């Protein structure tokens, strides 16, 4: 008669159960939302912090003029919700007639490596009145990127003419008005986000020349939260316990 290895058979029987429970736990991951209303000067720092907290907001890269003329500050003068808080003020300069099309990129470090699976990013943005305009009646071509676990740039679906989202002409520039930006993502692995403005005037004689400034407020980042390691450990421990219980019942 063929001898059956009871322990092996039991493990083979229980393994699919354990795997299905883990899969169900992962599939049922909840979402968590990080929110920063920038109500105080201590709500962020202005130097690189690749493994927050705290989060940072800083100039990352750009053309000759923005690299040499930029600043990041907390501003109590503008607040999206009007509750007496504040916002992040990003400032830079373009000199299109001399250097042609330039870019200015600011990065916000949000999460420690390797980041989280982000499903949605939203924030309020306002172009500061008096910001220099481009030939499209706006303030440059504005894009948002995510930075993955290796800190590589990944473009999001969002891009618009800064200060003139509808491309309706100079008379529609909405400087001084808050715009709420929402960017849905497909579980993008994210450590940071980069806000880039590009001087897209053409020809060079019509490029932006002058100072630019934007306010950022009410940042909200939603990401998937997986079961805690302790929970998965308890799940793993339950399988041998179940085996032992069944073995004792069999020997009685």
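A simple packing score, the average count of other Cβ atoms within 10 Å per residue, orders the peptides 213-224, 184-195 as 213-224, 184-195, with the highest score first. Checking the a/c ratio against 1.5 first, then a/b against b/c, what shape does the Cα gyration tensor give for the stretch 71-170? The shape class here is oblate. Look at the alpha carbon pairs under 8 Å that are at least 6 residues apart: their mean separation over the length of the stretch 31-225 gives a relative contact order of 32 percent. Shown for 212, 102, 78: other C-beta atoms within 10 Å of each C-beta, ranked fewest to most, produce the order 78, 102, 212. Using a/c under 1.5 as the rounded threshold, could you call the stretch 31-225 rounded, prolate or oblate? The axes a ≥ b ≥ c are square roots of the C-alpha gyration tensor eigenvalues, and prolate needs a/b larger than b/c, oblate otherwise. Since a/c reaches 1.5 and a/b is larger than b/c, the shape of the stretch 31-225 is classed as prolate. In plain terms, the residue of 108, 126 with the fewest other Cβ atoms within 10 Å comes first and the most crowded comes last, giving 126, 108. Which of rounded, prolate, oblate describes the stretch 137-183, given a ≥ b ≥ c as roots of the alpha-carbon gyration tensor eigenvalues and a/c under 1.5 marking rounded, otherwise prolate only if a/b is larger than b/c? Prolate, because a/c is 1.5 or more and a/b exceeds b/c.
Read the figures in this text as sums done on the coordinates, not as results from a lab. Small disclaimer: the values here were computed from a predicted structure and weren't measured. All Cβ positions, glycine included, derive from the backbone under ideal geometry; neighbour counts span all protein chains shown.
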